[in-house]
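Asker: Pasting a structure below so you can have a look.
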2 protein chains.
Amino acid sequence: MASNSGRRLNIDNINPHVKAAEYAVRGELAVKSEEYRAYLRSGLTDQGVLPFSQVISANIGNPQQLDQKPITFFRQVLSILENPALLEKGDVLVNQLGYQSDVIERAERLLKDVGSVGAYSASNGVPSIRQSVADFLERRDGFPASPSDIYLSAGASSGVNTLLHVICADEKSGILVPIPQYPLYTASLTLLNATCVPYLLDEAKNWGTDFEVIKASYEKAKADGIDVRAIVVINPGNPTGASLPEEDIRAVIEFARQERLVILADEVYQTNVFIGEFISFKRMLRQMQKEKAGLYDTVELASLQSVSKGMVGECGHRGGYFELVNFDPQVQAEIYKFVSIMLCAPVIGQCLVELMVNPPKAGEPSHALYKKEYDSIFDGLRVRANALHKAFEQMEGVECGAPQGSMYLFPTINLPAKAAEAAAAEGRTPDEFYCMRLLEATGVCVVPGSGFGQKEGTLHFRTTFLAPGTEWVGNIVKFHKEFMDKYR
Amino acid sequence: MASNSGRRLNIDNINPHVKAAEYAVRGELAVKSEEYRAYLRSGLTDQGVLPFSQVISANIGNPQQLDQKPITFFRQVLSILENPALLEKGDVLVNQLGYQSDVIERAERLLKDVGSVGAYSASNGVPSIRQSVADFLERRDGFPASPSDIYLSAGASSGVNTLLHVICADEKSGILVPIPQYPLYTASLTLLNATCVPYLLDEAKNWGTDFEVIKASYEKAKADGIDVRAIVVINPGNPTGASLPEEDIRAVIEFARQERLVILADEVYQTNVFIGEFISFKRMLRQMQKEKAGLYDTVELASLQSVSKGMVGECGHRGGYFELVNFDPQVQAEIYKFVSIMLCAPVIGQCLVELMVNPPKAGEPSHALYKKEYDSIFDGLRVRANALHKAFEQMEGVECGAPQGSMYLFPTINLPAKAAEAAAAEGRTPDEFYCMRLLEATGVCVVPGSGFGQKEGTLHFRTTFLAPGTEWVGNIVKFHKEFMDKYR
């Protein structure tokens, strides 16, 4: 008889890979922060008065939960897609609700292509939306793109899940994953019972990739009998905020060619670049194919993008896509079959992808407002990133490079030995301990570096710079000083 | 060197479980039907004139691709959720766009609870929406339900994926699956490298469940060393259209208790019942717990529902939920972690779940229209189901029980030996051969029974009864006569 009073399932007999998977972004700290939020909302004081009046969720890149407003053009179009009967009242939309003519035209065109947003689409997405993505990629990169290589997905996470499912054949299949990384990658590989082959990013070089480090990780895994099949690159970086220079991207492509690795380029932060410019892996790969004819023609690349990040920030709509470059058509057919089992990505999210890649153009009626909103979000992110960075510079034992991209900073924290002892006494790592105390003292929720992986002997935390205001930043500074004084 | 001109991935080295998975609903016939549709739309005649002027997609339960209109109340609320700025013009909405006051109130309430539909929600879904689902389940079943046992999902498919992932520990883990079945189950088990333990439904008994048959399948699997952990029941049935009587449901629960099996009740067609009434597994389980105190308290049940089917028919929105009954809290925590890796279900789809379980009530301003639309869809389905059934009754060698529920009929087709020979010459099963000829002759796309599994020596096809008009039904009758004459 089982110990579990007769139930079939218990913690010891369910899928061990599910049990082993870790996903800190929504772990203990996040749960506790939501409890605080609920307590503050409830108005109760039965568990005492908290030392803060609001919870700041700096743990999740969730722009619209915080200050970021949706882009008006996008949401006006979506409102018509949800209720096409509004088109019968075009004059009311225009004259009384302020919808511009291009909003109505876009909604009409999408409805013509999509039919109802309540119907399943093709498994890989609405054909005309894939065409629109391909057109965007051509404009972005200056190289051709085909709608048959585009797969619309429920956010980039679903795309990563698809690609790792197809690439990993068994437990010996290895995927090179940057450390620190967004934990979707390690969690997905754990679920698949495949092997994560970590390679360290170089904090001293703005968290760039280091060819020799990647090579050493690869060689070690190979010597251990791992069949390394792909390399993940997150650019701009999560959690690091790094924006990779051209030479790093070229080096990864060259390495992928030499060792026959698929490149998984997570490029969901491509519009959030504050220093330099975003360079896509697709553009660089096609450029290298052009420079040395034939040499790179079988380097396989999958590049992912999402409506969740950037100035769009529409996480809740679960829209995204990936493009396959140089893939075998038979493998693409298997990818199509795999996505068809879950039927299709949310259709309204697919439409949002279309709006993201094909926003109002200069001269079109909605362009001025679109540009104003877009630029204002971008500028706001940059200003807050710099303010947060400035605060970190004042904090004892904290080191953080200038904000380059994405929506995160990932500072090093050098904590006193006594803090490490106190953490161990609680059964926590020092960074978890620090983040828990920070949450309890200030209501600011960040994610400890250990949730992403970090070089042994170093400690970090990841914070978004999405939250409005500066008070919470001041609270972090104040907390940090008190923490350091206490454990010095 | 690989045979694949240097590429890393080819059909022989990708995940063998992806390669092995089968999903006929979107397979060869579906692809061919889409090609026909594109050809007809193009207006070209370079490949000859087709013997039909439109493609009827009777292969997929996709109501809004065919005749079914969305429910007005639902879509009006969603249009406001997508563009909350509309609330500033409440008078225009009411006086000029015909929005009732309860549309506006519902949108305001949902926005208050959800924040922006562009933000991630909690991983298991918006708390107030889970509360609304629990309230609905209490009304439906007459037994308590808790929001902490409700998990909002991207359609029921995503819920099935979650549950099978957690339940199946390794390749010896077995799941009892009805045959015929919706191929999501076999495909998911193949991907997970777990074991499908098929049990035949009883066609002679309106495709009901047969206790002895289930027991025999279970015993055989157990003798083969399979660790059978759960039983799937699809009620009302897909592809069978069956609606299970109380005694079948009781027998399954009793069997699950005896053998300690988790029950996975796929109840997505619960509102599409034409004969008798829908009886939920939850209600019956709680009833049995009440009748014999203590005996059934550890029978674990997961019940799935979706916005895709029924009179809602909003497949493209990817909304759904599952409820866990009698599950171990530690196992529920692992399910929470699993769903958090993919962040959350589409938030607009979650809102649609709320609208589905909490539609306008009698006396509320939107109720009359809601009821009219709802009833008209229901009546239309019943009328078309009966017309199709009547046609099948005229067809030589075709046997089909009266329509009971869901949106499908699954007739037996007795084909002449010559047809089987012609099929074999093409490398097809006889039912695939029949369905391919049907598509080529009439433009009507149905799914061969082999795509769902069928008793050896029997042949079937599944058709929806969603398509409007009766012409396509007449075309099937005509085709069938010609087919039988040709191969007699």
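Asker: Which of the residues in segment B:42-74 lose at least 30 Å² of accessible area when you go from the chain alone to all protein chains together (probe 1.4 Å)?
Answerer: The answer is B:ASN62, B:GLN64 - residues whose exposure falls by at least 30 Å² when every protein chain is included.
Asker: What nm value, rounded to one decimal, do you get for the distance between A:GLU171 and B:GLU34 when each label is placed 7 Å out toward the C-beta?
Answerer: The modelled label-to-label distance comes out at 3.7 nm.
Asker: State which entries of A:LYS32/A:LYS337; B:LYS309/B:LYS361; B:LYS32/B:LYS282; A:LYS290/B:LYS32; A:LYS19/A:LYS205; B:LYS220/B:LYS309 exceed 30 angstrom in Cα-Cα distance in the structure shown. Working shown, then result.
Answerer: Details: A:LYS32/A:LYS337 40 Å; B:LYS309/B:LYS361 21 Å; B:LYS32/B:LYS282 41 Å; A:LYS290/B:LYS32 37 Å; A:LYS19/A:LYS205 36 Å; B:LYS220/B:LYS309 35 Å.
Violating the 30 Å limit, Cα to Cα: A:LYS32/A:LYS337; B:LYS32/B:LYS282; A:LYS290/B:LYS32; A:LYS19/A:LYS205; B:LYS220/B:LYS309.
Asker: May I pose another question? What are the distances, in nm and sorted shortest first, from the label point of B:GLU396 to the label points of the same position in each other copy, with each label point placed 7 Å from Cα along the Cα-to-Cβ direction?
Answerer: So the label point of B:GLU396 gives 9.6 nm to the other copies.
Asker: Moving on to the next point. Ignoring everything but the protein chains, give the 1.4 Å probe accessible area of B:LYS290 in square angstrom, nearest 10.
Answerer: 140 Å²
Asker: Let me ask something else about it. What are the lysines whose alpha-carbon lies under 24 Å from the alpha-carbon of B:LYS222, with same-chain residues fewer than 8 places away excluded?
Answerer: B:LYS222 reaches B:LYS172, B:LYS455.
Asker: Rolling a 1.4 Å sphere over the protein heavy atoms, what is the accessible area per residue of chain A, to the nearest Å²?
Answerer: Here the per-residue accessible area is 36 Å².
Asker: Taking every residue in B:410-416, how many Cβ atoms of other protein chains lie within 10 Å of its Cβ, on average? Write down the numbers at each step before the final one.
Answerer: Working: counts 0, 0, 0, 0, 0, 0, 0.
Partner Cβ neighbours, averaged per residue: 0.
Asker: Set the Förster radius R0 to 45 Å, insert the Cβ-Cβ distance between A:GLU138 and A:GLN258 as r into 1/(1 + (r/R0)^6), and round the FRET efficiency to 0.05.
Answerer: 0.95
Asker: Considering Cα pairs under 8 angstrom that are at least six residues apart, work out the relative contact order of segment B:200-253 and quote it in whole percent.
Answerer: Working: 35 pairs, mean separation 19.5, N = 54.
Computed value for segment B:200-253: 36 percent relative contact order.
Asker: Shortest first and in nm with one decimal, please list how far the B:GLU246 label point sits from its counterparts in the other copies (point 7 Å along Cα→Cβ).
Answerer: 7.7
Asker: How large, in percent, is the carbon and sulfur part of the accessible surface of chain B at a probe radius of 1.4 Å?
Answerer: Result for chain B: 51 percent of the exposed heavy-atom area is carbon or sulfur.
Asker: To continue, here is another question. Over its Cα atoms, what ratio of radius of gyration to 2.2 N^0.38 Å does chain B give?
Answerer: Working it through for chain B, the quotient is 1.02.
Asker: Quote the relative contact order of segment A:1-131 in percent (integer), defining contacts as alpha-carbon pairs under 8 Å separated by 6+ residues.
Answerer: On the way: 43 pairs, mean separation 19.5, N = 131.
Computed over segment A:1-131, the figure is 15 percent.
Asker: Pop out a list of residues from segment B:15-38 that are at least 40 Å² less accessible with all the protein chains around than in their chain alone; 1.4 Å probe, no ligands or nucleic acids counted.
Answerer: So the qualifying set is B:ASN15, B:VAL18, B:TYR23, B:ARG26.
Asker: To continue, here is another question. Rounded to the nearest 10 Å², what accessible area does A:VAL55 have for a 1.4 Å probe in the complete protein model?
Answerer: Counting only protein heavy atoms, the figure is 10 Å².
Asker: Could I ask something else about it? Which residues, if any, in segment A:158-196 lose at least 40 square angstrom of accessible heavy-atom surface (probe 1.4 Å) when the other protein chains sit next to their chain rather than the chain being alone?
Answerer: Listed by number, the residues meeting the 40 Å² cut-off are A:HIS165, A:VAL166, A:ALA169, A:LEU191.
Asker: Can you give the translational diffusion coefficient of segment B:185-301 in µm²/s, computed by Stokes-Einstein from the Kirkwood radius over Cα pairs at 20 °C and 1.002 mPa s? Present the calculation step by step, with values, prior to reporting the outcome.
Answerer: On the way: Rh = 14.9 Å.
In µm²/s, the coefficient is 144.
Asker: Could you tell me the convex hull volume per residue, in Å³, taken over the Cα atoms of segment A:74-232?
Answerer: Values: hull volume 27.3 nm³, N = 159.
Per residue, the Cα convex hull of segment A:74-232 comes to 171 Å³.
Asker: Out of the DSSP beta bridges found with both residues in chain A, what percent are antiparallel (nearest 5)?
Answerer: 50 percent
Asker: Further question on the same structure: Placing the label point 7 Å from Cα along the Cα-to-Cβ direction, what are the distances from A:LYS290 to the equivalent spots in the other copies, shortest first, in nm to one decimal?
Answerer: 7.3
Asker: Taking each pair of distinct Cα atoms in segment B:364-449 once, what is the resulting Kirkwood hydrodynamic radius in Å?
Answerer: For segment B:364-449, the Kirkwood estimate is 15.4 Å.
Asker: If you split all Cα-Cα distances of the protein assembly as shown into 20 Å bins from zero, what percentages do you get per bin, shortest first?
Answerer: 13, 45, 36, 6, 0
Asker: If each DSSP helix of 4+ residues adds -39,500 (n - 2.57) and the sum is divided by the residues in the protein assembly as shown, what number results at 222 nm, nearest 500 deg cm²/dmol? Numbers along the way, then the final one.
Answerer: Details: 34 runs with 434 residues, N = 976.
When only DSSP H runs of four or more count, the value is -14000 deg cm²/dmol.
Asker: Additional query: Assuming R0 = 22 Å, what is the FRET efficiency of A:GLU393 and A:ASN414, from their Cβ-Cβ distance, to the nearest 0.05?
Answerer: Efficiency for this residue pair is about 0.95.
Asker: With only alpha-carbon atoms counted, please give the Rg and Dmax of segment B:250-291, in Å.
Answerer: Radius of gyration, then largest Cα-Cα span, for segment B:250-291: 11.6, 33 Å.
Asker: Order these peptides, B:405-412, B:68-75, B:251-258, B:34-41, by their mean beta-carbon neighbour count within 10 angstrom, highest first.
Answerer: Going by the mean number of other Cβ atoms within 10 Å, highest first, we get B:405-412, B:68-75, B:251-258, B:34-41.
Asker: Still on this model: Rounded to the nearest 100 Å², what's the accessible area chains B and A bury against each other, both chains counted, probe 1.4 Å?
Answerer: Answer for the B-A pair: about 8000 Å² buried.
The values are calculated or read from the model by the stated rules, or taken from the named source; none is laboratory data. What you see is a predicted model; the values in this text were computed from it and never measured. Note: ideal-geometry Cβ built from the backbone for every residue, glycine included; neighbour counts use all protein chains shown. These accessible areas exclude ligands, DNA and RNA; they are computed on the full protein's heavy atoms, side chains included. Shrake-Rupley method; radii C 1.70, N 1.55, O 1.52, S 1.80 Å.
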